[in-house]
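One structure is given here, and the rest of the page talks about it.
Since every read-out is calculated from the coordinates, none of them should be taken as a lab result. Quantities reported herein were computed from a predicted structural model and do not represent experimental measurements. Positions of Cβ are generated from backbone atoms using ideal geometry, with glycine treated the same way; all protein chains shown enter the neighbour counts.
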Amino acid sequence: MDIPRIFNITESRHRIHNPFTPAKYDTLGRVLRMKPGTSILDLGSGSGEMLCTWARDFGINGTSIDMSRVFSEQAKARAEALGVSDQVNFIHDDATGYVSDEKVGVAACVGATWIGGGVAGAIDLLAKSLLPNGIILIGEPYWLKTPPSEEVAKGCGAGSISDFLMLPNLIGSFGELGYDVVEMVLADREGWDRYEAAKWLTMRHWLEENPDDDFASEVRTHLTSEPTRYAEYTREYLGWGVFALMAR
Ligand code: SAH
């Protein structure tokens, strides 16, 4: 079981698999005012940077599930390197339908809401693992400006314009689901550049090291087209943020 190989190649050197930077995760951890010992569940945890650094900096405990073998192994290595292996547990598995045995203070799905079939489904799923008055964290894209055509939306990697909302509508949608938005930290363009542009050098190095791999032509096509696609579409139209929610 694994995610599509292209992600395991292009993001193999990423610590954070979304447009957040280490500084943004630090800000998010601080503004949530978590007490040491807070338990966190993280679905689609990638290489575990959020939980590992929060374990080190804020004394939290965490469990996370990710379907990428490469990222899960990186998460374990990162926990070792930061000396927090006794506080965080990384499980390599499909997180679809995952509910924790013990309820947690913070339940997160940061940049992987498809695990619940979309934002509303992800919130419903996380709520099943949450203590009363716990916090749900949702990381999700939004439109900075409405794409003028479906073609532009597809250029941003969306299936269609309706896949994402404008920021006020996204925030409003949480209210319609019965949640207070109690905090938010938004990514900026520097974060987008770090996420997207970091893939290009990784692809280039991978191609040099794996010229005869079956996948080489696909990675080559990707590297040729990605920088322009990103600058033309994603960088212009797509925002991204993490929203902290508490049930009303
Ligand atoms: N939250 C992480 C990673 C976000 S990228 C971070 O901040 O870095 C999305 C992640 O979801 C990837 O790591 C991918 O491997 C994982 N993923 C995709 N489908 C999944 C599934 N069904 N179950 C668990 N993880 C999944």
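Things to note:
- Some residue of the range 28-42 being surrounded by 24 or more Cβ atoms within 10 Å (Cβ to Cβ) and either more than 24 Å from residue 246 (Cβ to Cβ) or of a type in the set (Gly, Ala, Ser) (or both): no
- Looking across the range 130-148, just one residue is free of Cβ contacts under 8 Å to residues at least 24 places away in the same chain and assigned to a strand (DSSP E or B), and that is 132.
- Subset of the range 149-194 that is in contact with a Ser or Thr (Cβ under 8 Å, 6 or more places away or on another chain) and β-branched (Val, Ile, Thr) - its residue that is surrounded by the most Cβ atoms within 10 Å (Cβ to Cβ): 185
- Residues of the range 122-134 satisfying the condition of being surrounded by 15 or more Cβ atoms within 10 Å (Cβ to Cβ) and within 16 Å of the ligand (Cβ to nearest atom): 122, 123, 125, 126, 129
- The residues in the range 27-72 that are of a type outside the set (A, V, I, L, M, F, W, C) and away from the ligand (no atom under 13 Å from the Cβ) can be counted, and the count is 12.
- Sole exception among (1) within 28 Å of residue 193 (Cα to Cα); (2) under 18 Å from the mean Cα position of the chain (by Cα); (3) free of Cβ contacts under 8 Å to residues at least 40 places away in the same chain for residue 89, by number: (1)
- Within the range 42-58, residues that are hydrophobic (A, V, I, L, M, F, W, C) sit with their Cβ atoms under 6 Å from residues that are part of a helix (DSSP H, G or I), at 6+ positions apart or across chains, in these pairs: 43/115; 50/25; 52/78; 52/79; 52/82; 54/29; 58/29.
- Single residue of 78, 5 found to be surrounded by 20 or more Cβ atoms within 10 Å (Cβ to Cβ), touching a residue at least 12 places away in the same chain (Cβ under 8 Å) and among the basic types (Lys, Arg): 78
- Consider the range 84-104 and keep the residues that are more than 9 Å from the ligand (Cβ to nearest atom) and of a type in the set (Ser, Thr, Tyr). The one that is farthest from residue 180 (Cα to Cα) is 85.
- Checked against (1) in contact (Cβ under 8 Å) with a residue 24 or more places away in the chain; (2) surrounded by 15 or more Cβ atoms within 10 Å (Cβ to Cβ), residue 248 passes all but condition (2).
- For residue 107, the requirement of being touching a residue at least 60 places away in the same chain (Cβ under 8 Å), within 14 Å of the ligand (Cβ to nearest atom) and under 17 Å from residue 29 (Cα atoms) is met.
- Selection within the range 15-25 - more than 7 Å from the ligand (Cβ to nearest atom) and closer than 12 Å to residue 191 by Cβ: 19, 21, 22, 23, 24, 25
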